[in-house]
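Here is the structure we will look at.
Throughout, read-outs are computed from the coordinates displayed, never taken from laboratory work. The shown structure was predicted, so the numbers you read here are calculated from the model rather than taken from an experiment. Here the Cβ is made from the backbone with ideal geometry for all residues, glycine too, and neighbour counts use every protein chain on show.
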Amino acid sequence: MLELFWRFLTIGFLSIGGGYAIIPLIQEQIVTELHWLSEKVFTDIITISQMTPGPLAVNTSTFVGMQLFGIPGAVVATVGCIAGGVVISLALAAFFQKKRESKPVQSLLAGLKAASVGLIMSAGLTILLLTLFNNSDLARFNWAKLDWIALILMAISLFIMRKTKINPIVLMIAAGIIGGLVYK
């Protein structure tokens, strides 16, 4: 549990960019380095974390801790993840109040935004590959293993979200029901 706290404290301190940007950091630590969870379980945790209220990074930390050590693990992982962000946020808020008009600070923020988008895209690609191919390793990429049902559900969901004002929760529930019926 101490290792769990330390890992999420570190992740919390390094999580510039928030929710989607933190997912690759958690995946690297928990799945790739420590092998505490499989990619499949981690992807399921991300999916559940997106559907539950609250910040994605906090939800993911909570569910990872819960999967590993039950309720005490959920508390430890969540506190670890949040502590770093709270400390950094307080320090940055004070700093940016004083330096908000500074050109070097504006340049720094532009670079951080670009890196954050790259991290978010990396997390999205991982989820996409796991959803469509049940594998996130590009070296083992195989078009023959494409899950056509998942591709169709994804395309329809994307179309509906871009063309309508439907509540994303309604769309998630509908896709879950369809998945439950189709993937029996």
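Computed values, structure above
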{"read-out": "Size of region 1-142 as Cα extents on the principal axes (Å, biggest first)", "value": "48, 38, 27"}
{"read-out": "FRET E, pair Leu125, Trp36, Förster distance 25 Å, beta-carbon r, rounded to 0.05", "value": "0.70"}
{"read-out": "In degrees, nearest ten, helix 148-163 long axis to first principal axis of the chain (Cα)", "value": "60 degrees"}
{"read-out": "Long-range HN-HN contacts of Asn135 with modeled amide H, under 5 Å", "value": "Leu130"}
{"read-out": "Extension reserve of the Leu112-Ile173 stretch, reckoned as 0.36 nm per residue once the Cα distance is removed", "value": "18.5 nm"}
{"read-out": "Relative contact order, percent, region 2-141 [alpha-carbon distance under 8 Å, six or more residues apart]", "value": "32 percent"}
{"read-out": "Gain in span if fully extended, Arg100 to Ile152, counting 0.36 nm per residue against the direct Cα distance", "value": "14.2 nm"}
{"read-out": "Per-pair calculated FRET efficiency, R0 = 41 Å: Glu3 and Lys163 via Cβ, rounded to 0.05", "value": "0.30"}
{"read-out": "Degrees separating the helix 56-99 axis from the principal Cα axis of the chain, which is the longest one", "value": "40 degrees"}
{"read-out": "Farthest positive-ward along the chain dipole, Cα basis, beta-carbon charges - from Asn134, Ser89, Ala77", "value": "Ser89"}
{"read-out": "Only Lys, Arg (+1) and Asp, Glu (-1) charged, at Cβ; region 2-141 dipole about Cα centre in debye", "value": "560 debye"}
{"read-out": "Alpha carbon centroid spacing (whole Å) that separates region 73-90 from region 28-51", "value": "18 Å"}
{"read-out": "The chain: angle of helix 168-182 to the longest principal axis, Cα-based, in degrees nearest 10", "value": "40 degrees"}
{"read-out": "Region 59-138: trypsin sites (Lys or Arg not before Pro) falling in loop per DSSP and having at most 12 other Cβ within 10 Å", "value": "Arg100"}
